[in-house]
Amino acid sequence: MEVILLESFDKLGKIGDTVIVKDGFARNYLLPQKKALRANDKNKKYYEKIKEDLKVKNNELIEDSRKTSDILKKTELIFIRQASDSGQLYGSVSPKDISVHLEEKKIIVPSSSINLTSPIKNIGIFDVVIKLHAEVSVKVILNVATSTENASEQKRSLEMKNEKKSLIKNEEKIVSKNTSEANVVDSKDKKTLNSEKIEEDENNIGNEEK
């Protein structure tokens, strides 16, 4: 089915785009949720009348999403769960669990906006991407542990690991820079030697001619 989008969608299109989607997706979601219109002449004319209001509304949504993103970046998400000795959870942490946890902190994020390919079933620290808007995403750190003490230990271990990676990266940059500088000096030395040899050869030739 061909529709006119009334909202921006990641990988689908922006407001006002005319796109082709599956009939079921249009009938069951886009049209009843008023997120799109059937792309006929009547609706195209109607869209032209409302497009400026839609753009203003969309800009407001983007601004709200950015504010929520800033809050999420400063929010520590810790889930205390029971687990076996191997670290496997007796249960899991799902997008719904994360959504409820955030709601308790007065941060409203629908579970559909939380990108988890599958529920988390082990202790550890995980990167979770939250899609607040088609144009606004944020990565949050999810700390799943068997106690607050273990959560703190996991966090410290991650910080130490990241610090070590950063040091190694900086050392590699320094080595790379020094190597480049050494190559430049070596290249200059070779040019100087070549120049001196050419000059010496020319002098020798001149002497032989005499």
Residue count, the stretch 65-84 (criterion: assigned to a helix (DSSP H, G or I) and surrounded by 17 or more Cβ atoms within 10 Å (Cβ to Cβ)):
4
Selection from the stretch 20-31 of residues within 23 Å of Leu132 (Cβ to Cβ) and surrounded by fewer than 17 Cβ atoms within 10 Å (Cβ to Cβ) yields Phe25, Tyr29
What are the residues in the stretch 142-159 that are assigned to a helix (DSSP H, G or I) and over 26 Å from the mean Cα position of the chain (by Cα), if any?
Thr148, Glu149, Asn150
So which pairs qualify, if the first residue must be in the stretch 32-51 and among the hydrophobic types (A, V, I, L, M, F, W, C), the second must be in a helix (DSSP H, G or I), the Cβ gap must be under 8 Å, and the two must be at least 6 apart or on different chains?
Ala36/Ala26; Ala36/Leu30; Leu37/Asn43; Leu37/Tyr46; Leu37/Tyr47
Just checking, does the stretch 37-58 include any residue being under 30 Å from Thr148 (Cβ atoms) and part of a loop (DSSP other than H, G, I, E, B)?
no
Scan Leu61, Leu102 and give me the residue that is in the same structural domain as Ile15 (by TED's automatic domain parsing), assigned to a helix (DSSP H, G or I) and not polar (S, T, N, Q).
Leu61
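The values are calculated or read from the model by the stated rules, or taken from the named source; none is laboratory data. For clarity, every value in this text was computed on a predicted model and none was experimentally measured. Neighbour counts run over all protein chains shown; Cβ positions are idealised from the backbone, glycine included.
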